[in-house]
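The values are calculated or read from the model by the stated rules, or taken from the named source; none is laboratory data. The shown structure was predicted, so the numbers you read here are calculated from the model rather than taken from an experiment. Please note: Cβ atoms are built from the backbone with ideal geometry, for glycine as well, and neighbour counts cover all protein chains shown. Just so you know, the surface numbers come from the protein's heavy atoms only, side chains and all, with ligands and any DNA or RNA stripped out. Shrake-Rupley method; radii C 1.70, N 1.55, O 1.52, S 1.80 Å.
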Amino acid sequence: MLESLSYSEKQELAALLAEQDRRNRQNRLATYRPYKKQIEFHKAGAAYRERLFMAGNQLGKTLSGAAEAAMHLTGEYPDWWPGRRWDRPITMLAGSESYELTRDGVQRLLIGPPMSEEDWGTGYIPKAAILGTTRRGGVSGALDTVTVRHASGGASTVLLKGYDQGRSKWQANTVDFVWFDEEPPEDVYLEGITRTNATGGSVAVTFTPLKGMSTVVARFIMPGDDEGAKYRTVITMTIDDAEHYSPEERARIIASYPAHEREARTKGIPSLGSGRIFPVSEASITVAPFEIPKHWVQVGGLDFGWDHPFGAAGCAWDRDSDTFYVTKVYREREATPIIHSAALKPWGAWLPWSWPHDGLQHDKGSGEQLAAQYRGQGLNMLPERATFDDGTNGVEAGISDMLQRMQTGRFKVFSTCREFFEEFRLYHRKDGKIVKERDDVISASRYALMMKRFAKVKPSNTAWAFTDRKVV
């Protein structure tokens with residue numbers, strides 16, 4: 001076809017194509033086509049004040065944050081848009097770990113290449129909508145503010161910040177929207193929320209969780225009974241959700257990362273690096289629920305708690321293959337033995353329960369031992385605290401046993417045990433010491449594993465009970 005065109009026609013076609021490319025480059029927002037997980041992130045903005053989008057590297061999390069930020073700043077929303085809308089100009093705070101990283105990430109995606117001013121307008125804010133910019137001193141190519149034309153006729157403003165300057169730099173009178181790209185320190189995050197109080201604004205966080213568990217991550221993943229949890233949500237995007245990668249490319253990318261970073265970089269699961277206590281993949285220990293064979297023995301484990309949650313685990317042991325299974329879990333805080341026992345008795349009155357040394361402590365109110373209180377509520381408590389066969393009860397030994405079983409395929413967890421996996425992902429060491437937080441179900445499972453020698457086959461009747469050291 002091109003051969004049939006005259007020279008002047010070819011010149012005209014080239015000019016048209018160049019103009020089309022220029023328009024596309026200067027209105028990138030019009031070509032944004034999100035994947036399902038990105039749409040889920042956007043949609044959540046209409047229902048939740050705080051959103052966390054955790055995703056692996058190069059899966060589109062920052063791109064999604066930039067596209068949404070541009071929509072709010074311009075008031076230009078596509079027909080498919082399911083999220084929150086502003087029909088007036090807004091003030092926005094946006095940034096990353098430092099001014100340099102904000103320039104190279106947030107600013108680049110919103111405005112265009114930081115070192116090429118003639119290309120400003122090739123980010124997600126259309127060139128025609130950029131009314132003005134102010135520069136930041138001391139950081140080459142970095143902007144301090146961008147003023148954006150809003151569809152209503154007024155002007156929005158985005159203030160670009162860095163976490164390394166501290167919370168005071170995130171203070172402003174009031175803002176409507178805050179976008180944190182990469183995980184912020186807690187004080188910076190809380191300052192951002194505070195800036196939206198008066199406006200009823202929204203906060204969005206997009207990052208790959210390479211720093212592992214932090215207060216900000218825990219705020220979303222394991223909020224406990226925090227009343228504010230109903231205003232927060234988390235969306236996780238894995239490499240399998242990134243439609244631009246072929247199966248072969250996904251396999252190559254996954255294999256390129258070291259094992260301890262693989263789940264964070266490809267699945268958005270918080271990485272705990274060398275401090276992770278169980279450095280095995282979640283998939284390697286997960287099994288679909290199945291009916292426990294009648295000849296398998298079962299045992300339960302309890303971890304007492306009040307301000308930190310009370311945890312329980314129901315477990316089964318296949319003695320033929322020496323494989324230990326966590327089949328059901330329970331976790332609740334600030335509840336009495338009556339409440340916990342009522343929740344656990346349906347698991348079976350015959351089920352023997354292992355428990356830790358603090359079960360020997362006396363309740364300040366009744367003076368009765370904790371273990372005795374649960375026994376009095378009908379749980380089949382083992383007569384002694386959890387120990388190994390040799391009478392020891394070291395935490396490190398118990399963790400080592402669990403880890404060795406995980407590594408050799410002899411420790412499995414039903415996929416329905418959500419609370420176990422929440423803790424599994426975050427269980428880590430700091431300065432060589434185990435962080436004793438959010439480990440209630442894991443601890444209960446460890447006590448059950450320690451006392452598996454007392455596990456019992458589920459009887460045809462429910463008359464089983466422990467009295468002192470006898471089974472009747």
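The figures follow:
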item: Cα gyration tensor, region 274-366 - rounded (a/c under 1.5), prolate or oblate; result: oblate
item: For Gly432, net neighbour charge (Lys/Arg +1, Asp/Glu -1) across residues whose Cβ lies under 14 Å away; result: +3
item: Within the accessible area of the chain (1.4 Å probe), percent carbon and sulfur; result: 50 percent
item: Qualifying aspartates and glutamates (Cα of each under 12 Å from Cα of Lys43; at least 8 residues distant if same chain); result: Glu68
item: Region 62-157, accessible area per residue, ligands and nucleic acids excluded (1.4 Å, Å²); result: 39 Å²
item: Cut-off under 5 Å, modelled amide H: who pairs with Val457 long-range; result: Gln298
item: Isotropically averaged projected area of the chain, using the convex hull of Cα atoms (one quarter of hull area), nm²; result: 30.2 nm²
item: For the chain, share of DSSP beta bridges that run antiparallel, in % to the nearest 5; result: 50 percent
item: Charge tally in the Cβ shell below 13 Å around Leu143, where Lys, Arg are +1 and Asp, Glu are -1, Leu143 excluded; result: +1
item: Region 101-243 shape via C-alpha gyration tensor axes, a/c threshold 1.5; result: prolate
item: Top positive-direction residue, dipole computed over the chain with Cβ charges, set Trp296, Thr208, Met406; result: Trp296
item: In Å², nearest 10: area of Ser400 left accessible to a 1.4 Å probe; result: 50 Å²
item: Angle in degrees between helix 7-25 and the longest Cα principal axis of the chain, rounded to the nearest 10; result: 40 degrees
item: Cα gyration tensor category, rounded, prolate or oblate, for region 54-172 with a/c compared to 1.5; result: rounded
item: Options Gln107, Ala128, Ser140, ranked by Cα towards positive dipole end of region 89-146, top entry (Cβ charges); result: Ala128
item: On Cα atoms only, tilt of 186-195 relative to the major axis of the chain in degrees; result: 60 degrees
item: C-alpha long axis of helix 440-450 to longest principal axis of the chain, angle in °; result: 40 degrees
item: Whichever lysines have a C-alpha closer than 24 Å to that of Lys169, once near sequence neighbours (fewer than 8 apart) are set aside; result: Lys161, Lys211
item: 222 nm mean residue ellipticity, helices alone, for the chain (DSSP H n ≥ 4; -39,500 (n - 2.57); rounded to 500); result: -8000 deg cm²/dmol
item: Estimated FRET transfer efficiency when R0 is 25 angstrom, pair His295-Ala349 (beta carbons, to 0.05); result: 0.75
item: Accessible heavy-atom area order of His428, His308, highest first, probe of 1.4 Å; result: His308, His428
item: For Asp144, solvent-accessible area (1.4 Å; no DNA, RNA or ligand), Å²; result: 40 Å²
item: Long-range HN-HN contacts of Lys328 with modeled amide H, under 5 Å; result: Gly314
